[in-house]
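Just below is one structure, and these are the notes that go with it.
What follows is calculated from the coordinates using simple rules that are stated; it is not laboratory data. Keep in mind that what you see is a predicted model, and the values were worked out from it rather than measured. For neighbour counting, all protein chains shown are included, and Cβ atoms are generated from backbone atoms with ideal geometry for every residue, glycine included.
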Amino acid sequence: MLWLSSSLKLLAEIALLALAGQWLLGLMIGARREHNVFYRLLQVLTGPLLRLTRRLSPRVVLDRHVPLAAFALLLVCWLAATLAKVSLCLQIGVQQCR
């Protein structure tokens, strides 16, 4: 169970960093971001998450707000995985958790 919570936490961290990196890179590059290789790579990484968030969110949510909703959803998942990991580590002992 510890392996599962650690894996979910890691996946959430990677996706959160990819979303944050895509947002920051888009701010720095501006209008030509679609032609940047690194921005496109981050789009490939975050694409499935954005599609899932679009599918889960109601239709009143604008398309430009979907990345923010995905970020919030990932943040909740990360927090839940972190709390689960801390709880498991307290149950089995901190020494065995390393």
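Return the ratio Rg/(2.2 N^0.38 Å) for the chain, where Rg is computed over Cα atoms only. Walk me through the numbers on the way to the answer.
Values: Rg = 16.4 Å, N = 98, 2.2 N^0.38 = 12.6 Å.
Expressed relative to 2.2 N^0.38 Å, the Cα Rg reads 1.31.
Set the Förster distance to 25 Å, then compute FRET efficiency between residue 13 and residue 90 from the Cβ-Cβ distance, nearest 0.05. Before the final figure, lay out each step's value.
On the way: r = 21 Å, r/R0 = 0.84.
For R0 = 25 Å, the calculated efficiency reads 0.75.
Output the lone cysteines of the chain: those with no second cysteine's C-beta under 4.7 Å from their C-beta.
Cysteines of the chain left without a disulfide-compatible partner: 77.
Ranking 74, 4 by Cβ neighbours within 10 Å, fewest first, what do you get?
Starting with the residue having the fewest Cβ neighbours, the order is 4, 74.
For residue 6, what charge total do you get from the other residues with a beta carbon under 15 Å from its beta carbon, if Lys and Arg give +1 and Asp and Glu give -1?
+2
With 10 angstrom as the radius, rank 87, 57 by how many other C-beta atoms surround their C-beta, starting from the fewest. It would help to have the intermediate numbers written out before the result.
On the way: 87 12, 57 16.
With the sparsest Cβ surroundings first, the list reads 87, 57.
Would you mind telling me which residue in 33, 51, 64 has the biggest mean-square fluctuation in a Gaussian network model of the chain, where springs connect alpha carbons within a distance under 10 angstrom?
In the Gaussian network model the winner is 64.
Please turn the phi angles of the stretch 79-87 into ³J(HN,Hα) values with the Karplus equation 6.51 cos²θ - 1.76 cosθ + 1.60 (θ = phi - 60°), one per residue in order, whole Hz, x for glycine and proline.
Result, ordered by residue: 5, 5, 5, 5, 5, 5, 5, 5, 4 Hz.
Compute, for the chain, the length of the dipole vector about the Cα centre, with Cβ point charges of +1 (Lys, Arg) and -1 (Asp, Glu) only. Units Debye, rounded to 20.
So the magnitude is around 180 debye.
What's the local net charge at residue 40, with K and R +1, D and E -1, over the other residues with C-beta under 15 Å away?
Summing Lys/Arg as +1 and Asp/Glu as -1 gives +1.
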